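One structure is given below, encoded as structure tokens.
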Amino acid sequence: MFKTVIDDELSIALVEERFASHYAELSQSQNEYLSQWLAWPPHCKTEQDFRLFVQRSLHDYAEGKSMTCAIVYQDNIVGNCSFNTIDHDVQKVTIGYWLSEPYQGRGIVTRVVKKLIDIAFNELDMEKVEISAAIENQSSRKVCERLQFNLEGIITRSEKLNGRIVDHAIYGLHRSKQ
């Protein structure tokens with residue numbers, strides 16, 4: 001298992017099929033919460049749905065297109081983080097993440113994203129890290145601001161999110177600004 005320790009209580013682990021049941025449980029118990037900012041929760045609920053998600057994620061990882069990891073806090077899977085895209089030509093990654101509601105406010109996502117930035121710049125030799133967040137998603141936007149990302153712009157009508165159209169704030173961090 002690929003696992004990166006962030007600190008004594010937090011790590012990220014490349015997704016595995018055995019994680020599917022944990023993801024299904026989180027999705028079912030946190031569906032309403034997760035659906036505020038993510039399009040997939042109403043459509044991905046069963047263990048089989050998550051097995052397929054893991055298989056696709058591992059296929060894309062093997063091809064160097066993305067990297068999807070479980071967020072593991074005190075030995076429990078509490079969320080997910082990823083390089084949604086890894087663009088070797090442009091030397092840019094896009095980061096995505098979600099965290100179960102009971103674990104909000106502990107700095108978990110900030111520490112995870114900080115580690116992903118380190119991996120992007122120092123292991124993957126990327127020049128830019130990008131994060132897109134719905135403009136009303138203040139928690140995600142604060143993560144970007146805390147980590148010194150620059151607000152590069154607003155994309156209007158960026159996503160249909162469970163019945164509503166949302167605008168996205170696009171944040172970027174360049175290696176040269178580190």
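The values are calculated or read from the model by the stated rules, or taken from the named source; none is laboratory data. Source: prediction; values computed, not measured. When we count neighbours, we look across all protein chains shown, and the Cβ atoms used for this are built from the backbone with ideal geometry, even at glycine.
I need the full set of residues from segment 21-78 which are part of a loop (DSSP other than H, G, I, E, B), under 22 Å from Arg106 (Cβ atoms), hydrophobic (A, V, I, L, M, F, W, C) and touching a Ser or Thr at 6+ places or on another chain (Cβ under 9 Å), in order please.
Hit for segment 21-78 is Trp37, nothing else.
Conditions: (1) surrounded by 16 or more Cβ atoms within 10 Å (Cβ to Cβ); (2) assigned to a helix (DSSP H, G or I). Thr110 meets all but one. Number of the miss?
Here Thr110 meets the rest and fails (1).
Okay, residues lined up against (1) of a type outside the set (Lys, Arg); (2) over 22 Å from Ala169 (Cβ atoms); (3) touching a residue at least 12 places away in the same chain (Cβ under 8 Å):
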| residue | (1), (2), (3) |
| --- | --- |
| Phe19 | yes, yes, yes |
| Leu34 | yes, no, yes |
| Leu38 | yes, no, yes |
| Thr46 | yes, yes, yes |
| Ala70 | yes, yes, yes |
| Phe83 | yes, no, yes |
| Asp87 | yes, no, no |
| Val93 | yes, no, yes |
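Only one of Leu161, Leu173, Leu147 is in contact with a strand residue (DSSP E or B) (Cβ under 6 Å, 6 or more places away or on another chain) and surrounded by 14 or more Cβ atoms within 10 Å (Cβ to Cβ); which?
Working: Leu161 fails: in contact with a strand residue (DSSP E or B) (Cβ under 6 Å, 6 or more places away or on another chain); Leu147 fails: in contact with a strand residue (DSSP E or B) (Cβ under 6 Å, 6 or more places away or on another chain).
Every option except Leu173 fails the conditions.
Mind telling me which of the residues Val113, Val72 ends up being of a type in the set (Val, Ile, Thr), at pLDDT 95 or above and touching a helix residue (DSSP H, G or I) at 6+ places or on another chain (Cβ under 9 Å)?
Being of a type in the set (Val, Ile, Thr), at pLDDT 95 or above and touching a helix residue (DSSP H, G or I) at 6+ places or on another chain (Cβ under 9 Å) holds for just one of Val113, Val72, which is Val113.
Report every pair of residues separated by at least 6 positions or lying on different chains whose Cβ atoms are under 7 Å apart, first residue within segment 154-178 and closer than 26 Å to Phe121 by Cβ, second part of a helix (DSSP H, G or I) and of a type in the set (A, V, I, L, M, F, W, C).
Tyr171/Cys144; Leu173/Ile117; Arg175/Phe121; Gln178/Phe121
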